[in-house]
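Report on the following structure.
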Amino acid sequence: MREAIGRGEDAGTFLFGRNGVMLRNIIDGAAIGMAVSAMDGHILYTNRAFARDFSVTNRDGEMNLHRIFAPDDREGQQALANVLAGRSSTHEGEYRCRDARGQSIWAMVALSVLESDVTGQPVYIIAQVNSIDRRKAAEASLAESESRWHFALEAARQGVWDHDGRTGHMFYSPMWRIMRGIPLDEPIDDRQEAWIERIHPDDRERIRSTVSRQNLGDDGYDILEYRERHRDGGYIWILSRGKPVAWDSEGRVLRTIGTDTDITHLKEIEARLEHAATHDPLTGLANRASFGSAVVAAAGALPSCLMFIDLDQFKPINDALGHAAGDSVLVAVGERIKSVVRSADFTARIGGDEFVVLLRDCALENALGLAEEVSAAIASIEIAPMRKPHKLGASIGLVQLTAGATADAVLAQADAACYAAKKAGRGQIVIAA
């Protein structure tokens with residue numbers, strides 16, 4: 001039975017009045033489970049939703065409010081005990097309860113004491129119980145999904161940021177802070193200008209002009225690269241990806257979410273690869289691959305000259321002392337050349353013992369003087385004692401560049417002049433005709 005008689009008083013009459021049929025029907029038809037118990041927990045009345053969704057009957061067929069809670073939900077049992085004992089007159093919370101099959105489900109439970117109009121003493125406990133098991137399952141699934149993505153992003157060292165276009169405030173994830181050396185509990189000035197100030201001065205204006213386009217979702221602006229100041233005083237390279245995720249009815253962006261990745265190590269690798277592609281690994285000078293663009297630059301700063309240097313007596317020295325010693329000699333030659341020519345001049349090793357120097361904005365007379373200094377500097381390099389004495393020297397060919405000169409043509413002229421210098425007895429300087 002869903003309705004029982006209270007001790008000395010009809011609970012239905014007490015609640016609804018003798019003519020309260022309509023009110024009784026309303027409560028009985030409510031979607032939320034409702035029950036009325038005496039102050040000892042003995043249930044006197046349940047509406048249809050309660051009887052349908054929850055189980056409170058013991059083996060003897062008695063209904064007691066204590067049985068609404070799952071056996072392992074001690075907090076719910078204690079909350080009911082407090083209300084029954086008069087320690088609290090109302091209580092509301094989410095607990096594990098028994099459904100109609102006796103299985104444990106999540107429910108929202110609201111308890112309140114109903115006092116007698118005559119004596120003012122507590123007479124009944126009104127319980128409202130509503131299943132929230134589906135909501136809890138959805139929350140758990142969402143939490144699991146969010147946790148999965150959170151850990152995935154953290155493991156991938158992706159810092160997450162969330163920009164609220166309505167307030168201008170930013171959310172920064174723990175990894176976002178870690179990659180910048182910012183303590184997790186430290187407040188961050190989330191104004192855009194404060195962030196701009198942390199960007200490297202060389203990148204600042206470029207980012208200032210493009211970040212608003214990222215926030216708007218403009219094509220081609222969803223990825224930004226820039227340097228940002230780390231707490232240690234240095235700069236890290238950031239790859240920032242961001243896209244709008246919410247708009248108002250007029251199409252204005254309300255929210256933009258993105259991730260930041262520290263790509264400093266990739267930039268370092270990129271710089272090393274770029275350097276390796278354009279520089280000689282032994283001497284650190286430029287290599288032949290970068291020679292063409294250097295000629296074009298020099299031809300645009302006339303008068304300019306090319307100095308072609310071919311070492312004399314290097315092979316006998318290399319054969320006698322070994323390749324390691326020969327490599328040391330080549331490194332020393334590169335250093336001597338760089339010590340003589342100007343810092344703006346382009347110096348490269350283009351072959352085994354062949355070097356070139358592009359002298360920008362340099363007349364032929366001055367180039368000849370520099371060539372003589374280079375020859376003397378190379379001749380002064382001390383070679384380890386050998387059974388057969390050999391003295392290192394250099395033959396040099398000089399070419400004056402003309403407008404529109406190509407790298408191949410200039411190099412061929414300088415090479416020919418250098419060959420003529422060798423034929424003239426080595427250690428000579430010949431100017432190309």
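Amide H of ILE132 versus every other amide H placed in the peptide plane: which residues, excluding those fewer than 5 positions away on the same chain, fall under 5 Å?
TRP106, ALA107, MET108
Would you pull out the residues with amide H under 5 Å of ASP280's amide H, same chain only if 5 or more places away, H placed 1.01 Å from N?
When sequence neighbours closer than 5 places are left aside, the close amide H contacts are LEU285, ALA286, ASN287, ARG349.
Taking the Cα atoms of the range 339-382, what is the range of coordinates along each of the three principal axes, in descending order and whole Å?
Principal axes ranked by extent give 31, 21, 16 Å for the Cα atoms.
Considering only the other residues whose Cβ falls under 14 Å of the Cβ of ILE182, what net charge follows from Lys and Arg at +1 and Asp and Glu at -1?
On the way: positive: ARG177, ARG180, ARG198, ARG229, ARG231; negative: ASP185, GLU186, ASP189, ASP190, GLU228, ASP232, ASP260, ASP262.
It works out to a net charge of -3.
In sequence order, what are the phi-derived ³J(HN,Hα) couplings for the range 92-99 according to the Karplus relation 6.51 cos²θ - 1.76 cosθ + 1.60 with θ = phi - 60°, rounded to whole Hz, with x for glycine and proline?
9, x, 9, 9, 7, 10, 8, 7
Which residue, ALA320, ILE223, GLY234, has the largest displacement toward the positive end of the dipole of the range 220-325 when charges sit on each Cβ (Lys, Arg +1; Asp, Glu -1)?
After comparing all options, I get ILE223.
How compact and how long is the range 168-218, expressed as Rg and Dmax of its alpha-carbon atoms in Å?
12.2, 34
Compute the signed sum of charges (Lys and Arg +1, Asp and Glu -1) over the other residues within less than 14 Å, Cβ to Cβ, of ILE431. Walk me through the numbers on the way to the answer.
Details: positive: none; negative: GLU365, GLU372, ASP415.
Cβ neighbours under 14 Å give a net charge of -3.
Tell me what the chain gives for mean residue ellipticity at 222 nm when only DSSP H runs of n ≥ 4 count, each as -39,500 (n - 2.57), the sum divided by the residue total, rounded to 500 deg cm²/dmol.
Numbers: 14 runs with 165 residues, N = 433.
Theoretical 222 nm ellipticity from helices: -12000 deg cm²/dmol.
State the label only: which of [x] 161; [y] 267; [z] 152 corresponds to volume of the Cα convex hull per residue in Å³ computed from the shown model?
[y]
Given the range 279-431, what percent of its DSSP beta bridges are antiparallel, to the nearest 5? Provide the component values of the computation, followed by the final result.
Values: 19 of 23 bridges.
Here the share of antiparallel DSSP bridges comes out near 85 percent.
How charged is the neighbourhood of LYS422? Take every other residue with its Cβ under 9 Å from the Cβ of LYS422, and add Lys/Arg as +1 and Asp/Glu as -1. Intermediate results must be reported in sequence, preceding the final value.
Numbers: positive: LYS423, ARG426; negative: ASP310, ASP312.
It works out to a net charge of 0.
Please arrange MET34, MET307, MET108 by counting, for each residue, the other beta carbons lying within 10 Å of its beta carbon, fewest first.
On the way: MET34 19, MET307 28, MET108 16.
With the sparsest Cβ surroundings first, the list reads MET108, MET34, MET307.
Charges only on Cβ, +1 for Lys and Arg, -1 for Asp and Glu: so what's the dipole of the chain about the Cα centre, in debye to the nearest 20?
Details: 49 positive and 61 negative charges, 122 e Å.
Roughly 580 debye for the chain.
Residue-wise, which Karplus ³J(HN,Hα) couplings in Hz belong to the range 311-317, taking 6.51 cos²θ - 1.76 cosθ + 1.60, θ = phi - 60°, and x for glycine or proline?
Result, ordered by residue: 5, 9, 6, 6, 4, x, 5 Hz.
With the Cα gyration tensor of the range 11-136 giving a ≥ b ≥ c as the square roots of its eigenvalues, does the rule (a/c under 1.5 for rounded; else a/b larger than b/c for prolate; else oblate) give rounded, prolate or oblate?
Values: a/c = 1.72, a/b = 1.27, b/c = 1.35.
Cα axes put the range 11-136 in the oblate bin.
Would you list which lysines come within 23 Å of LYS338, measuring only between C-alpha atoms, while excluding same-chain residues fewer than 8 positions from it?
Output for LYS338: LYS315, LYS391, LYS422.
Compute the separation of the alpha-carbon centres of the range 356-374 and the range 43-122 and state it in Å as a whole number.
100
How many angstrom lie between the Cα centre of the range 329-348 and the Cα centre of the range 295-316?
Here the answer is 11 Å between Cα centres.
At a 10 angstrom cut-off on C-beta neighbours, averaged per residue, how do the peptides 272-283, 311-322, 39-50 rank from highest to lowest?
On the way: 272-283: 13.3, 311-322: 16.8, 39-50: 20.4.
Ranked by mean Cβ neighbours within 10 Å, highest first: 39-50, 311-322, 272-283.
Strictly greater than 16 Å: what percent of every Cα pair in the range 195-260 meets that? It would help to have the intermediate numbers written out before the result.
Values: 1057 of 2145 pairs.
For the range 195-260, the fraction of Cα-Cα distances above 16 Å is 49 percent.
Hey, can you rank 218-227, 251-260 by average C-beta count inside 10 Å, highest first? Before the final figure, lay out the partial values.
Numbers: 218-227: 14.3, 251-260: 16.4.
Top to bottom by mean Cβ count within 10 Å: 251-260, 218-227.
Values quoted throughout were computed directly from the atomic coordinates according to the rules given, and no laboratory measurement underlies them. These numbers come from a predicted model, not from an experiment. Heads up, the Cβs are rebuilt from the backbone with ideal geometry, glycines too, and the neighbour counts pull from every protein chain shown.
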